[in-house]
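Trainee: What follows is a structure written as C-alpha cells; I'll ask about it next.
The values are calculated or read from the model by the stated rules, or taken from the named source; none is laboratory data. Predicted model, so just to flag it, every value in this text is computed and none were measured. Ligands, DNA and RNA are excluded from the accessible area calculation, which covers all protein heavy atoms including side chains. Shrake-Rupley method; radii C 1.70, N 1.55, O 1.52, S 1.80 Å.
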Amino acid sequence: MNVLLVRLRFPFFSVARRSYQVRTSLLLPPPSSLKGALAKGLILLNPEKYASDSLDKAASKAVGEIESKLVNVKAVSVAPISPLVKNAFLLKRLRNLESGSKAEKGDAMRREYTFTRELLVAYVFKDLTREEKERYLKAAMLIDIVGDTESIATPLWASFVEPEEKIAPLAFSAPYSEISSLLFPNIRAKGKIKVYTERAWVSPDYSRAIQAKRKRGKGKKGPEEETFYLPIEERRHKRTVYYTRTVYSPNVGKALTIDGEVLGIWIPKNSSES
C-alpha cells in the first residue's frame, strides 16, 4: 500500500459539478479534480510521451494511468487543515487572445469560491515500483491548479506515507455509502449531528464526442457520480459562516501520522489486502 500525501496551499479554489457562467463551488475538491491535477503533472513531467495526442486524449491517457494504479478510485481524498469559507463574486475577463473582429470584448461570470489556506491530499496506490513512486512524487510537485483556471495551487511538499493499523477519527472525505454505518453510533451516542455530504464526479471525462453520444442515448454510461461524506462541521462568527474539522467524525481502522498528528483514512478492507 502506497499513500502519496500532498500538502497544497491556496488563496481559493472553485470546483463545480457544472461549469458555465453562474455556478456554485463544492466545499472540497472531488476525486475527479484531484486526478486531473495529478495527471497534468504527469504530462508536464514527460511531455514527449503525449506529444502526438490532442489535449483531451493526453489528459484521458494520463488519468487512465493513475486510475490503473489506484487502490480504489474512491480513495482519493482531502482533509482541510484550515477553515473553509465560501463566497461569491463577479469574475470579469477580457478575451484578448481570441481571434475575430471583437477580440477586445469581455464577459462576466458570477462564481463561488472556497477560501482556505491549505488542503492535505491523499492518493492511495497499490504495488508501485520505486521508479513509479519517484514519477508520481515529481508529478505531485508540478500540480498548479485544482479547479477552474483561477484556482491556483502551490505544492508545499509531497511524500509517500505508510498507513498504520490504528483506530483514529476519520479526517479525510470518503464515499458515504461505505462509511454511513460508522456514523450511526456517533449519532445515537451524541444526539443530533448534522452530516455533511457532497455529490461529485469520481473521474473526469475529457471527451466531448463521447458526451455527445451519451446524450443521443447510445447506451454508454456517463461519468460516475458519488456522494462523499465530509468530516467537517459548520461554525459561525457574527455573520461569517465557515467550516472546520468535526469532532464527531467516526473512527476508522487505518491512520496516517503527519507532524505528530494522527489522521484516520478510509481504505476498504478488500483494497488494503490487495
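Trainee: Are any of the pairs 49/138; 40/138; 35/166; 35/61; 35/126 more than 19 Å apart by Cα-Cα distance, and if so, which?
Mentor: Values: 49/138 16 Å; 40/138 11 Å; 35/166 27 Å; 35/61 12 Å; 35/126 16 Å.
Going by Cα-Cα distance, 35/166 fall outside the 19 Å limit.
Trainee: I'd like the accessible area for residue 164, computed on protein heavy atoms only with a 1.4 Å probe and all protein chains in place. Round to 10 Å², please.
Mentor: 60
Trainee: Need one word for region 119-195: rounded, prolate or oblate. Basis is the Cα gyration tensor (sqrt eigenvalues a ≥ b ≥ c); a/c below 1.5 gives rounded, then a/b vs b/c decides.
Mentor: Numbers: a/c = 3.06, a/b = 1.67, b/c = 1.83.
Cα axes put region 119-195 in the oblate bin.
Trainee: Which pairs, out of 57/92; 69/133; 86/238, put more than 21 Å between their alpha-carbon atoms?
Mentor: 57/92
Trainee: Still on this structure, please answer the following. Tell me the per residue accessible area of region 1-92 using a 1.4 Å probe; a whole number in Å² is fine.
Mentor: Normalised by residue count, the accessible surface of region 1-92 is 42 Å².
Trainee: Suppose the chain between residue 261 and residue 49 were pulled fully straight at 0.36 nm per residue; how much longer would it get relative to their current alpha carbon spacing?
Mentor: Length gained, residue 261 through residue 49: 72.4 nm.
Trainee: Show the residues, 5+ positions off or on another chain, whose built amide H is closer than 5 Å to the amide H of residue 118.
Mentor: Correct list: 10, 81, 82.
Trainee: Any chance you could run the full-extension gain for residue 269 through residue 82? It's 0.36 nm times the residue separation minus the Cα-Cα distance, nm to one decimal.
Mentor: 64.4 nm
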